[in-house]
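The values are calculated or read from the model by the stated rules, or taken from the named source; none is laboratory data. What you see is a predicted model; the values in this text were computed from it and never measured. Neighbour counts are summed over all protein chains in view; Cβ atoms, including those assigned to glycine, are modelled from backbone coordinates with ideal geometry. Side chains are part of the model used for accessible areas, which takes the heavy atoms of the whole protein and leaves out ligands, DNA and RNA. Shrake-Rupley method; radii C 1.70, N 1.55, O 1.52, S 1.80 Å.
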Amino acid sequence: MNKIAGVDVGGTFTDLVLIDEDSGALDLAKVLTTPDNQAFGVLAALEAAGAALGELAAIVHGTTTTTNAMLERRIARVGLITTRGFRDVLELGRRTRPRPYGLLGSFAPLVERELRIEVDERMDAEGRVVRPLDEAAVARAADRLAALGAESVVIHFLHSYVNPAHELRAAEIVRGRWPSGYVTAGHAIISEYREYERGVTAAVNAAVRPVLQRYLDRLRGELAARGFRRELLVMQGNGGTVAASIAAETAVNTVMSGPASGVIAAAYTAAQAGFPNVVSYDMGGTSTDVALIQNGLPQVSSELELEYAMPIHVPMVDVHTIGAGGGSVAHLNEAGLLQVGPQSAGAAPGPICYGRGGARVTITDANLLLGRLDPRRLLAVDRPVALDAVREAVDRELGRPLGLAPEQAAAAVLRVANDNMAGAIRMVSLARGHDPRDFALFAFGGAGPLHAVALARELGIPRVLIPARPGLTNALGCVAADVRHDFVRTINRPLPAVSADVVRGIFAAQIAEGRAMIERERARVEGIECIHRADMQFQGQSHILTVRLPGAGVGPAELHRLFEEAYWQRFGVELNEIRPVLVGLHTAVIGKRPAVPLTALAAGTPGAALADAEIDRRAVWFDGERVATPVYRRERLPRGVAFAGPAIVEQLDATAVIEPGNRVEMDVLGNLVVTL
């Protein structure tokens, strides 16, 4: 029983990769996502792949349940019990504005004001009790919140990151009276200073915990009824996995789990292909996610802001997302200018060419009209719409109002979409001091290879790496991901005032807690690795710099040296006269899961000729004109093949566009390496 299934739920498709770790045998599936209940799509994917659930060693699931719940505000009603005088912290925030200019914008806090109740208690910044906890007031607050219809409750006290005694006792009281059991203590989610960010993060956890719990309970029940007896693992936003039995306790960690799985797969695949520095570019049906990978490691950040005034300060893979996917709708805005996204046709009704009732032009329709997609081979299409009908829709909705021919209007849609996506890549590279020309572009997702070469040309990126299974890469990331738990502890003291014993003691406690959680999950791991980081700043600064540490045995002197080196590398400045401050210590405890045999994914036919792979030749739009272009079936390409563009490369899960003058080579893992 060494078969592992990775299932990723996207906005349009649910993807599955089923790998037998012993034989290397591979099964794939791609089915439509079921937005009303994602579990049905997961079960359909397992059935389509012919998975015998009783024979599976593990199922690893990347889900958008919590992300979608937050973005659409389909969340539980949350109550808050907080320190007297701090009822409005979550609403006041940092006094920023949704937009830098004008008075437009709105904001609704996660917790309604009538559901925010103050109680007497107070810790100071050193963790000393200033005012004892009023336990009777906590009990009354819990009863009142339940009577007001709150399903989940947050306990968020000032300075609980230093001394959580009051939060622990309050949580104990509330759990004894709370009808649902959904009780979140803020310090248990993140033990950091900054009461606003800590409180919002805890409130997000409380808001999505019931949603995730119900979804996972349904899915686990359906899997068990079909014979699955092992632990279901869930992808987290940090790129690791967690057992489904405990995932909902820290549900906030699963926000952005879907994009994280793709970045993990990109890092894993690119490193084995000899490209440790890449920009991962994942274009799916509804959105595009980009991230930076250096030395084989994705960038991890605790500074995610899901939307305005919604900071989520738990470690997550640093992904930048925009609303540009194959289903993104092209339309003319109020000024009469062409705009693409962020609205999406999604899985239902989908693009016009899918024949499910879609009436608005999408990026997929534009690609189809320009010859980049074959109307006879669109995936998961029941009743494809004739190409002439797509041309008429493009002409009616965009071409005539803009004074353009249909093909010119479709090309304009792609130019606008590509400009949006290039801007996202600049955000994770140039905006952070990295030259994109020093990286390769790792393109995946069902639509990524359609646009990757054009984006690389725009940004000056010299090479594009297209993996063997681009449309199933996120599912591969689920299989490749390790079990991971992140811990943070605030220190916030001048470095000379911190002893080596304090640093080592905190790291030791974090390692022990992580090992205990991995043991509790009973996941199959081959070893445990720990990654340590320190958040530091110079005294008087507000900017925090995260420093990677060589191990848990570092002392103040080495912390000082490492911080100065990191500061010099980032800013080119030495500040010897200012004392450094140790803000916090992080530990990632990673249970290393068995390696995934990427050769099982490799396409290509040994001993074949390039001509054997050509299945069609059609006129494709490049730079304002139609060009006769060969269409290759990727599975039939010879192993190690090399050829020049223009070309279209089709496969089950994606289509790649190779522009005129590009060179393509297939490496030993089946990746296509495109040189511009």
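Given the criteria open to solvent by 40 Å² or more (accessible area, probe 1.4 Å), closer than 30 Å to residue 676 by Cα, of a type outside the set (Phe, Trp, Tyr) and out of contact with any Gly (no Cβ under 6 Å at 6 or more places or on another chain), does residue 469 qualify?
Working: open to solvent by 40 Å² or more (accessible area, probe 1.4 Å): yes; closer than 30 Å to residue 676 by Cα: yes; of a type outside the set (Phe, Trp, Tyr): yes; out of contact with any Gly (no Cβ under 6 Å at 6 or more places or on another chain): yes.
Against the criterion (open to solvent by 40 Å² or more (accessible area, probe 1.4 Å), closer than 30 Å to residue 676 by Cα, of a type outside the set (Phe, Trp, Tyr) and out of contact with any Gly (no Cβ under 6 Å at 6 or more places or on another chain)), residue 469 qualifies.
Given 229, 214, 194, which one is surrounded by fewer than 18 Cβ atoms within 10 Å (Cβ to Cβ) and more than 30 Å from residue 41 (Cα to Cα)?
On the way: 229 fails: more than 30 Å from residue 41 (Cα to Cα); 214 fails: more than 30 Å from residue 41 (Cα to Cα).
Going through 229, 214, 194 in turn, just one is surrounded by fewer than 18 Cβ atoms within 10 Å (Cβ to Cβ) and more than 30 Å from residue 41 (Cα to Cα): 194.
List the number of the failed condition for residue 354; all other conditions in (1) modelled with pLDDT of 85 or more; (2) over 30 Å from residue 589 (Cβ atoms); (3) crowded, with 24+ Cβ neighbours inside 10 Å hold.
Failing condition for residue 354: (1).
Is it the case, given these coordinates, that residue 375 is without any contact (Cβ under 8 Å) to a residue 60 or more places away in the chain, in contact with a Leu (Cβ under 6 Å, 6 or more places away or on another chain) and part of a loop (DSSP other than H, G, I, E, B)?
Working: without any contact (Cβ under 8 Å) to a residue 60 or more places away in the chain: yes; in contact with a Leu (Cβ under 6 Å, 6 or more places away or on another chain): yes; part of a loop (DSSP other than H, G, I, E, B): yes.
Yes.
Can you find even one residue in segment 508-526 that is farther than 30 Å from residue 230 by Cα and part of a loop (DSSP other than H, G, I, E, B)? Before the answer, list the steps.
Narrowing segment 508-526 to residues farther than 30 Å from residue 230 by Cα: 508.
In the following step, the residues that additionally are part of a loop (DSSP other than H, G, I, E, B) were identified as none.
No, there is no match, as no residue in segment 508-526 is farther than 30 Å from residue 230 by Cα and part of a loop (DSSP other than H, G, I, E, B).
Go through (1) within 30 Å of residue 143 (Cα to Cα); (2) touching a helix residue (DSSP H, G or I) at 6+ places or on another chain (Cβ under 9 Å); (3) open to solvent by 10 Å² or more (accessible area, probe 1.4 Å) one by one and return the number of the condition residue 252 breaks.
Condition (3) is where residue 252 drops out.
Do we have residue 484 as open to solvent by 30 Å² or more (accessible area, probe 1.4 Å) and over 30 Å from residue 32 (Cα atoms) here?
Against the criterion (open to solvent by 30 Å² or more (accessible area, probe 1.4 Å) and over 30 Å from residue 32 (Cα atoms)), residue 484 does not qualify.
Name the strands (runs of 3 or more DSSP E) wholly within segment 269-360 that hold at least 3 residues that are within 30 Å of residue 489 (Cα to Cα)? Let's see the steps before the verdict.
Values: elements: 278-283, 288-294, 319-322, 328-332, 338-344.
Ranges flagged: 288-294, 319-322.
Can you list residue pairs whose Cβ atoms sit under 6 Å apart, with the first residue in segment 629-654 being part of a loop (DSSP other than H, G, I, E, B) and the second being small (Gly, Ala, Ser)? Count only pairs 6 or more apart in sequence or on different chains.
These pairs meet every condition: 637/604; 637/613; 639/604; 653/471; 654/446; 654/471.
Just checking, how many residues over segment 178-190 are open to solvent by less than 20 Å² (accessible area, probe 1.4 Å) and over 23 Å from residue 144 (Cβ atoms)? Please lay out each step first, then the result.
The first filter runs over segment 178-190 and keeps only residues open to solvent by less than 20 Å² (accessible area, probe 1.4 Å), leaving 178, 183-186, 190.
Narrowing further to those that are over 23 Å from residue 144 (Cβ atoms): 190.
Within segment 178-190, residues that are open to solvent by less than 20 Å² (accessible area, probe 1.4 Å) and over 23 Å from residue 144 (Cβ atoms) number 1.
May I ask you to verify whether residue 388 is among the acidic types (Asp, Glu), open to solvent by less than 60 Å² (accessible area, probe 1.4 Å) and free of Cβ contacts under 8 Å to residues at least 60 places away in the same chain?
The answer is no for residue 388.
Quick one: residue 309 ticks every box in (1) under 26 Å from residue 106 (Cβ atoms); (2) in contact (Cβ under 8 Å) with a residue 40 or more places away in the chain; (3) in contact with a strand residue (DSSP E or B) (Cβ under 6 Å, 6 or more places away or on another chain); (4) open to solvent by less than 50 Å² (accessible area, probe 1.4 Å) bar one, so which box is it?
Of (1) under 26 Å from residue 106 (Cβ atoms); (2) in contact (Cβ under 8 Å) with a residue 40 or more places away in the chain; (3) in contact with a strand residue (DSSP E or B) (Cβ under 6 Å, 6 or more places away or on another chain); (4) open to solvent by less than 50 Å² (accessible area, probe 1.4 Å), only one is false for residue 309: (3).
Could you check residue 418 against (1) touching a His at 6+ places or on another chain (Cβ under 8 Å); (2) at pLDDT below 95 and say which number it fails?
Only one criterion is unmet by residue 418, namely (2).
Could you please let me know if residue 457 is of a type outside the set (A, V, I, L, M, F, W, C), touching a residue at least 40 places away in the same chain (Cβ under 8 Å) and part of a loop (DSSP other than H, G, I, E, B)? Spell out how you get there, then give the answer.
Details: of a type outside the set (A, V, I, L, M, F, W, C): yes; touching a residue at least 40 places away in the same chain (Cβ under 8 Å): yes; part of a loop (DSSP other than H, G, I, E, B): no.
For residue 457, the condition - of a type outside the set (A, V, I, L, M, F, W, C), touching a residue at least 40 places away in the same chain (Cβ under 8 Å) and part of a loop (DSSP other than H, G, I, E, B) - is not met.
Considering segment 394-441 alone, what residues qualify as being touching a Lys or Arg at 6+ places or on another chain (Cβ under 8 Å), open to solvent by 30 Å² or more (accessible area, probe 1.4 Å) and either within 30 Å of residue 570 (Cβ to Cβ) or not acidic (Asp, Glu) (or both)?
Matches in segment 394-441: 433 only.
Does residue 197 meet the test of being within 18 Å of residue 305 (Cβ to Cβ) and charged (D, E, K, R)? Break it down stepwise before answering.
Working: within 18 Å of residue 305 (Cβ to Cβ): yes; charged (D, E, K, R): yes.
Against the criterion (within 18 Å of residue 305 (Cβ to Cβ) and charged (D, E, K, R)), residue 197 qualifies.
Please find, among 54, 24, 41, the residue that is open to solvent by less than 10 Å² (accessible area, probe 1.4 Å) and over 30 Å from residue 120 (Cα atoms). Steps first, please.
Details: 54 fails: open to solvent by less than 10 Å² (accessible area, probe 1.4 Å); 24 fails: open to solvent by less than 10 Å² (accessible area, probe 1.4 Å).
Criteria check complete, one pass: 41.
In segment 447-466, which residue that is closer than 11 Å to residue 436 by Cβ and in contact with a Pro (Cβ under 7 Å, 6 or more places away or on another chain) is surrounded by the most Cβ atoms within 10 Å (Cβ to Cβ)? Don't jump to the end; show me each part of the working.
The initial filter retains those residues of segment 447-466 that are closer than 11 Å to residue 436 by Cβ, namely 455-456, 458-462.
Subsequent filtering for residues that are in contact with a Pro (Cβ under 7 Å, 6 or more places away or on another chain) retains 459-461.
Details: 459: 19, 460: 10, 461: 24.
Selected residue: 461.
With segment 61-159 as the region, which helices (runs of 4 or more DSSP H) entirely inside it contain at least 3 residues that are open to solvent by less than 10 Å² (accessible area, probe 1.4 Å)? Spell out how you get there, then give the answer.
Values: elements: 65-72, 89-92, 135-147.
Qualifying helices (runs of 4 or more DSSP H): 65-72, 135-147.
Which pairs do you get when a residue that is under 20 Å from residue 487 (Cα atoms), found in segment 531-557, comes within reach of a residue that is part of a loop (DSSP other than H, G, I, E, B) and open to solvent by 20 Å² or more (accessible area, probe 1.4 Å), reach meaning Cβ atoms under 6 angstrom, with the pair 6+ apart or on two chains?
Within 6 Å, the pairs are 532/552; 535/544; 537/544.
Please enumerate the residues belonging to segment 446-467 that are among the small types (Gly, Ala, Ser) and modelled with pLDDT of 90 or more. Step through it out loud before you land on a result.
Filtering segment 446-467 for residues among the small types (Gly, Ala, Ser) gives 446-448, 452, 454, 456, 460.
If the condition is that a residue be among the small types (Gly, Ala, Ser) and modelled with pLDDT of 90 or more, then 447, 448, 452, 454, 456, 460 are the ones that fit.
Condition check ((1) at pLDDT 95 or above; (2) more than 21 Å from residue 408 (Cβ to Cβ); (3) open to solvent by less than 50 Å² (accessible area, probe 1.4 Å); (4) in contact with a Pro (Cβ under 6 Å, 6 or more places away or on another chain)) across all residues:
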{"residue": "630", "(1), (2), (3), (4)": "yes, yes, yes, no"}
{"residue": "637", "(1), (2), (3), (4)": "no, yes, yes, no"}
{"residue": "646", "(1), (2), (3), (4)": "yes, no, yes, yes"}
{"residue": "654", "(1), (2), (3), (4)": "no, yes, yes, yes"}
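Can you report the number of residues in segment 161-192 which are of a type in the set (Asp, Glu) and in contact (Cβ under 8 Å) with a residue 24 or more places away in the chain? Steps first, please.
Our first condition is that a residue be of a type in the set (Asp, Glu); within segment 161-192, this holds for 167, 172, 192.
Still in the running and in contact (Cβ under 8 Å) with a residue 24 or more places away in the chain: 192.
Result for segment 161-192: 1.
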